[in-house]
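S.K.: There's a structure below that I have some questions on.
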Amino acid sequence: MGLEQIYTQILTEHNNSNRNKHHIDHPTAVLKGVNPSCGDEIELELREKDGVIEDAAFTGVGCAISQASASIMIDLIKGKTKKEALRLANLFFAMIKNEVTDESQLEDLDEAIALKDISHMPARVKCAVLGWHTLENAINGQTNPDEAEKTPEKSK
């Protein structure tokens, strides 16, 4: 089996699996991510304690790439510090932008490397990065606009 087939299998398995697609108990952060150009939507839930992401999951709808990418990301960030999760997100963005192409530098992304060729499909880049941008925003303390209205103290 060639590398391209393995990558396709990884994306298909994550898209079809519900292991990361559910709600978690007692999330400390919940943030929606939307790609208005195609309609992909996710809601990312994180439970963090002492700077470590104890659990994470997502719900939502969208294309196979957005759903698989979010699932792969969750596998990667569980048990990591918020700082490490942000480092991985930045590495993922660099891979998608073709700024980092050396396989040895990308090893930390594990199965997320399956998305590296998305950079050659500009219309699909937003699909692949949706979950990762939502993660970045959640870690940085952003809230959904409707949540900020309900709890103004969080937006300060």
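S.K.: For the stretch 46-110, which GluC sites (Glu not before Pro) are in a loop by DSSP, counting at most 15 other Cβ atoms within 10 Å?
M.R.: 99
S.K.: Using the count of nearby Cβ atoms within 10 Å as a rough guide to exposure, how do 73, 121 rank from fewest to most?
M.R.: With the sparsest Cβ surroundings first, the list reads 121, 73.
S.K.: Which value results for Rg/Rh of the stretch 1-141 when Rg is the Cα radius of gyration and Rh the Kirkwood radius based on the inverse mean 1/r?
M.R.: Taking Rg over the Kirkwood Rh, I get 0.94.
S.K.: Quick one: Karplus J couplings for the stretch 50-58, per residue in order, coefficients 6.51, -1.76, 1.60, θ = phi - 60°, nearest Hz, x for Gly and Pro?
M.R.: Result, rounded to whole Hz: 6, x, 10, 7, 6, 8, 7, 6, 8.
S.K.: Quick one: which residues, 5+ away or cross-chain, put their amide H under 5 Å from the amide H of residue 29? H built at 1.01 Å from N.
M.R.: Here 46, 48 satisfy the definition.
S.K.: Looking at the stretch 65-98, which trypsin sites (Lys or Arg not before Pro) are in a loop (DSSP not H, G, I, E or B) and have at most 14 other Cβ atoms within 10 Å?
M.R.: 97
S.K.: Quick one: length gained pulling residue 12 to residue 49 fully straight, 0.36 nm per residue minus the C-alpha distance?
M.R.: Length difference between fully extended and current span is 10.1 nm.
S.K.: On a 0 to 90° scale, report how tilted helix 3-16 is relative to the longest principal axis of the chain, with both axes built from alpha carbons and the result rounded to the nearest 10.
M.R.: 30 degrees
S.K.: Considering the options 88, 33, 66, tell which one lies farthest towards the positive end of the dipole of the stretch 11-116, charges being +1 on Lys and Arg and -1 on Asp and Glu at the Cβ, about the Cα centre.
M.R.: Of the listed residues, the answer is 33.
Rule-based calculations on the coordinates, nothing more; no lab input. Quantities reported herein were computed from a predicted structural model and do not represent experimental measurements. Heads up, the Cβs are rebuilt from the backbone with ideal geometry, glycines too, and the neighbour counts pull from every protein chain shown.
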